[in-house]
Each structure stands twice: as structure tokens, then as C-alpha cells.
Amino acid sequence: MISREKPDVPGHGQDANRTLPAGRRKGEAVVPVITVDGPSGSGKGTVSRCLADKLGWHFLDSGALYRLLACAALRERITLDDEAGLAALAGRIQGAFLQSSSGQERVLLDGEEVTLTLRTEACGNRASKLAALPRVRDALLDWQRRYRKPPGLIADGRDMGTVVFPDAVLKIFLTADPEERAQRRYNQLKSLGKNVNLGDILEEVKQRDRRDRMRVIAPLAPAEDAVIIDNSDLDIDGTLRVVLDRARRIV
């Protein structure tokens, strides 16, 4: 595991005349945000959900918003090279994330359930391509920031700490070897009865990493003040313990 200490949290001994936090209006109380960024397969989604449950905070799965848009674009037959059309679509779709009585999440797009479609590799790859488009990112920025509500927010994504919530009280960056992340995805898909090939998944992981890191707008990278955790040798419980320890130092 690799980690590095985080400097003082903004607002605690630093310049009080800084700009307003992202998503906050003048006169409103500061709502704390913890961001958890990282590449696909790093476990950030599961860790973020568990952390939100432990703290009793709200949860934002930013990747799900891009996946919703990818689903909507397929439905509307809007191609990935129509950036203006995609940005306009992002401004009018309605998404809902519901919890069933059994604890399973259900996702609705304009009232239609898309839970299974949202988690497919095809949808994820399209979402990654959409995320490289500046006008699409701008269109989704305000939507993401509206999740910032008391008592606090756990935000999971790829640029939560660098772009969406740069004033977060704690920024976590989870990572792991590509081979380990591919194996995790393979195991997950096999458990769902999917016929998948580990070599193909590894290549998809590497391609997505390259695309996310090389994009001009908000590339995948840890914030300068992030705590970097390599969990190649940790399971979800072990990773959560490390992250929760960091969180409890400041909240």
C-alpha cells in the first residue's frame, strides 16, 4: 500500500479569503466533501458507498451520470462525435437512483429502468469516451455539485478532487495494478454468469486507462493534496479500513 500525508485542510489555518467552495452559494454553510478518485477496478465505488453508509453522508457516483448519458445517447441515436447534441441531451435527461427493499440499487432513466444496461462494459466504454468531451463535462458539472448536501458528501469518480470538488476536506486516490483490476472485473462478471475472457478485459482496462489519462480535459490523476492508496494487495474490507481511518481523522 502506498500513501502520503495530506497537508492542512483548507479553512483550518489557511487563507480564509479563498473563493467559495464548489457548489456552495454565498451565505450557505460549508458542507464537507470527501472525494474518492481512481481508475476502473480500483474499488472506489464500493469503498465510497460503504464510507457514505458509515458516516451517514450522501453519495455521488459520478460515473453513473456519464453512463446514464451514454444510455440516453444510444436511445436517442446521438453519435459520440455530436458534442453539441450530447451536451444538450445531458441538460434534459432525468436520472433516479433508488434503493430497493433488499438493498439493491435501481437506476431509472426518464422513468425507465436501466440498472443492468448501465453496468455493461459497452456502456462503460461509451461513458469513458463521453467524459473526454469538454461540453459534456461542463453540462454535467452542476448536476454533480448539486449532490453536495448536509451533513456531507462522498463523491466517487475520476476528477472529483481535481475539478468538481477541489475544496474537499479529504481527497483519496485509489489505484491498483492493471492486472489486478482486470482480475477483479473478470471475477465480478463471472459471478454474474457472463462469458468473458480475462485477456480481453485486461486490454479494455489498459485502453480505458490510456483514454482517461491522456484526455485534455480533466485527465485522470491524483490531486496534489490527495492521499494515494495502492490496494493491489488489499481486499475491499482492508481498503475501507484504511480510508475510514483517514476520514475519521478530520470528521
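Laboratory data are not the source of any read-out in this text; all were calculated from the coordinates shown. Since this is a predicted model, take the numbers as computed values, not measurements. Using ideal geometry, Cβ is built from the backbone for each residue, glycine included, and neighbour counts are taken over all protein chains shown.
Pairs with C-alpha atoms separated by more than 23 Å, drawn from the list K44/K190; K129/K206; K54/K129, are K54/K129. Measuring between their Cα centroids, region 230-251 and region 162-207 lie 17 Å from each other. Backbone phi angles across region 140-154, fed through the Karplus curve with coefficients 6.51, -1.76 and 1.60 (θ = phi - 60°), yield HN-Hα couplings of 8, 4, 5, 4, 5, 5, 5, 6, 6, 9, x, x, x, 9, 9 Hz in residue order; Gly and Pro are listed as x. By the beta-carbon count within 10 Å of each Cβ, the least crowded to most crowded order of V36, V216, V30, fewest first, is V216, V30, V36.
Within the chain, the longest run free of trypsin sites (Lys or Arg not before Pro) that sit in a DSSP loop with at most 16 other Cβ atoms within 10 Å is 195-248. Rounded to the nearest 20 debye, the dipole size of region 147-251 about its Cα centre is 400 debye, using +1 on the Cβ of Lys and Arg and -1 on the Cβ of Asp and Glu. Working from the Cα coordinates of the chain, the gyration tensor eigenvalues give, after taking √(5λ), semi-axes of 27, 23, 18 Å in decreasing order. Note on the chain: with charges restricted to the Cβ of Lys and Arg (+1) and Asp and Glu (-1), its dipole about the Cα centre is near 460 debye.
This ranking places L140, L80, L153, L60 by how few other beta-carbon atoms lie within 10 Å of each, fewest first, which gives L80, L140, L153, L60. Its DSSP H runs of at least 4 residues, each contributing -39,500 (n - 2.57), put the calculated 222 nm mean residue ellipticity of the chain at -13000 deg cm²/dmol, to the nearest 500.
Within region 19-168, DSSP assigns beta bridges of which about 45% are antiparallel (rounded to the nearest 5). Of all DSSP-defined beta bridges confined to the chain, some 30% are antiparallel rather than parallel.
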